[in-house]
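S.K.: Can you read through this structure? Questions will come right after.
The values are calculated or read from the model by the stated rules, or taken from the named source; none is laboratory data. Just so you know, these numbers come straight off a predicted model, no measurement behind them. All Cβ positions, even for glycine, are placed from backbone atoms using ideal geometry, and neighbour counts span all protein chains on display.
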Amino acid sequence: MKIAEMNWFQVETYLKSDDRAIIPLGSTEQHAYLSNAVDSILAETLANEAAGPLGVAVFPVLAFGITPYFATYPGSISLRMDTYARIITDVLDSLHSTGFKRVLFVNGHGGNTPGQTAALEWLNGHADCRIRWHNWWNSPKTLAKVHEIDPVASHASWMENFPWTRLPNIGMPDEQKPMIDLDKLKTIAAPLVKDYLGDGNFGGRYQRADDEMEAIWEIALAETRSLIEDGWA
């Protein structure tokens, strides 16, 4: 149930029988040959497909996140940590003021995790609410399936290459890029990051078969849906 396809009268009616809200969180940043909106596309698509059969309200994706390491890649936008924390808090304040009390953040970008701390701090002052933070790509069953298919998987590699994150008429290198040194990456500034990463893939093949990607997606859907349905008490 997409909030974008509802008016406020319909949302008011929804809140008479359900207080759950799904907030997809993404980022706008380089993903090598894939869309700059990969994290946003995946989080929003997953949230809508998981919640759709349950009739739970899904808000539009928050498409900007925390990604300072990609600052010199054109098209990447990074929010400061304090900005992001305030956004998460403002979102929760707004939802709570109109009657939403159970909120699932479906996060598609690792850099956004400071937002989880902000949400937990907010929760301390709102004991009547429940919050879940779901990093969908590394949830246990989804990540296990990724590793079963190919353990060399990373940012902007095959594991983010779904039919809906590809760009038309953009080919992919047919090779497996060696994994970068993630510890080194954490020690260098953005201009050096671009020199070090090159195209932006952290390591691994650029694309795998669509049936393998569909198998991962089905597990991710099931894991996400289970969080929407169960265990809020």
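S.K.: Go through the range 172-204 and give me each residue that's under 19 Å from SER35 (Cα atoms), outside any loop (DSSP other than H, G, I, E, B) and within 21 Å of the chain's Cα centre (by Cα).
M.R.: Passing the criteria: only GLY204.
S.K.: Still on this structure, please answer the following. I need every pair where a residue in the range 209-233 that is within 20 Å of VAL146 (Cα to Cα) has its Cβ under 6 Å from the Cβ of a residue that is small (Gly, Ala, Ser) and not in a helix (DSSP H, G or I), sequence separation at least 6 or different chains.
M.R.: GLU223/SER139
S.K.: Now for a different question. Looking at LEU227, is it outside any loop (DSSP other than H, G, I, E, B) and exposed (fewer than 15 other Cβ atoms within 10 Å of the Cβ)?
M.R.: no
S.K.: Turning to a different aspect of this structure: Which one of ALA4, ALA118, ALA47 is touching a strand residue (DSSP E or B) at 6+ places or on another chain (Cβ under 7 Å) and of a type in the set (A, V, I, L, M, F, W, C)?
M.R.: Answer to the check: ALA47.
S.K.: Within the range 189-204, is there a residue that is touching a residue at least 12 places away in the same chain (Cβ under 8 Å), charged (D, E, K, R) and closer than 28 Å to PRO53 by Cβ?
M.R.: No: the range 189-204 contains no residue that is touching a residue at least 12 places away in the same chain (Cβ under 8 Å), charged (D, E, K, R) and closer than 28 Å to PRO53 by Cβ.
S.K.: Then there's this: When only residues in the range 104-159 that are buried (at least 21 other Cβ atoms within 10 Å of the Cβ) and polar (S, T, N, Q) count, which is nearest to ALA57 (Cα to Cα)?
M.R.: Across the range 104-159, the extreme among qualifying residues is ASN107.
S.K.: Test GLY75 against the criterion of being over 19 Å from the mean Cα position of the chain (by Cα) and in a loop (DSSP other than H, G, I, E, B), and give yes or no.
M.R.: no
S.K.: Only one of SER97, SER35, SER17 is at pLDDT 95 or above, outside any helix (DSSP H, G or I) and more than 29 Å from GLY200 (Cβ to Cβ); which?
M.R.: SER17
S.K.: Might you check whether a residue that is exposed (fewer than 15 other Cβ atoms within 10 Å of the Cβ) and in contact (Cβ under 8 Å) with a residue 40 or more places away in the chain occurs anywhere in the range 78-86?
M.R.: For the range 78-86, residues exposed (fewer than 15 other Cβ atoms within 10 Å of the Cβ) and in contact (Cβ under 8 Å) with a residue 40 or more places away in the chain: absent.
S.K.: Only one of these is surrounded by fewer than 20 Cβ atoms within 10 Å (Cβ to Cβ) and closer than 21 Å to GLY110 by Cα: ASN7, ASN48. Name it.
M.R.: So the residue among ASN7, ASN48 that is surrounded by fewer than 20 Cβ atoms within 10 Å (Cβ to Cβ) and closer than 21 Å to GLY110 by Cα is ASN48.
S.K.: Oh, and also: Does SER40 fit the bill of being at pLDDT 95 or above, surrounded by fewer than 18 Cβ atoms within 10 Å (Cβ to Cβ), over 19 Å from ALA118 (Cα atoms) and out of contact with any Lys or Arg (no Cβ under 7 Å at 6 or more places or on another chain)?
M.R.: No; evaluated as a whole, the condition is false for this residue.
S.K.: State which residue pairs qualify: first residue within 23 Å of ARG132 (Cα to Cα) and inside the range 6-28, second residue aromatic (Phe, Trp, Tyr) and surrounded by fewer than 20 Cβ atoms within 10 Å (Cβ to Cβ) in any location, beta carbons under 7 Å apart, and separation of 6 or more residues or different chains.
M.R.: So the pair list comes out as ALA21/PHE59; ILE22/PHE59; ILE23/PHE59.
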